[in-house]
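Participant: Got a structure for you, questions after.
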Amino acid sequence: MDSEILYSLFGIIGFILVIYFTLKSTSAKMDTKTEAKKKEEIIQEYKLRLEKALESLNDDKDLRTAKKTQLLQEFNSEFSRNIFFDEEEIRDIIAELSLS
């Protein structure tokens, strides 16, 4: 009878330890980002895409303007499908991108 109780206690303690270490390791791995930080990362990615696309077109102003307009329309479409941004924010972001 005593050995059954000891085995049960060790089993329960072992089970609790496994659950504790599992929860502790998964919570440490989660790198949560704030919504504002995620938005800023997304905007920076679009700025880099715009700069890289227009990099080679510095000489031809008309071609650069046409390419920039095309990219801004694409970005607007992509932003409108993004859950992080509302219409007003999209308008502000596109205006900011158009100035760069």
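The values are calculated or read from the model by the stated rules, or taken from the named source; none is laboratory data. Keep in mind that what you see is a predicted model, and the values were worked out from it rather than measured. Positions of Cβ are generated from backbone atoms using ideal geometry, with glycine treated the same way; all protein chains shown enter the neighbour counts. Heads up: the accessible areas ignore ligands, DNA and RNA and are worked out on the full protein's heavy atoms, side chains in. Shrake-Rupley method; radii C 1.70, N 1.55, O 1.52, S 1.80 Å.
Participant: Of all the residues that make up the range 17-50, how many are under 21 Å from Glu89 (Cβ atoms) and either modelled with pLDDT of 85 or more or surrounded by 11 or more Cβ atoms within 10 Å (Cβ to Cβ) (or both)?
Facilitator: The qualifying residues number 14.
Participant: Going by what's in this entry, would Leu71 be described as surrounded by 14 or more Cβ atoms within 10 Å (Cβ to Cβ), assigned to a helix (DSSP H, G or I) and not aromatic (Phe, Trp, Tyr)?
Facilitator: Against the criterion (surrounded by 14 or more Cβ atoms within 10 Å (Cβ to Cβ), assigned to a helix (DSSP H, G or I) and not aromatic (Phe, Trp, Tyr)), Leu71 qualifies.
Participant: Scan (1) part of a helix (DSSP H, G or I); (2) surrounded by 11 or more Cβ atoms within 10 Å (Cβ to Cβ) for the single condition Leu6 breaks and write down its number.
Facilitator: (2)
Participant: So which of Ser100, Ser80 is in contact (Cβ under 8 Å) with a residue 12 or more places away in the chain and either among the acidic types (Asp, Glu) or open to solvent by 40 Å² or more (accessible area, probe 1.4 Å) (or both)?
Facilitator: Result: Ser100 is the single residue among Ser100, Ser80 that is in contact (Cβ under 8 Å) with a residue 12 or more places away in the chain and either among the acidic types (Asp, Glu) or open to solvent by 40 Å² or more (accessible area, probe 1.4 Å) (or both).
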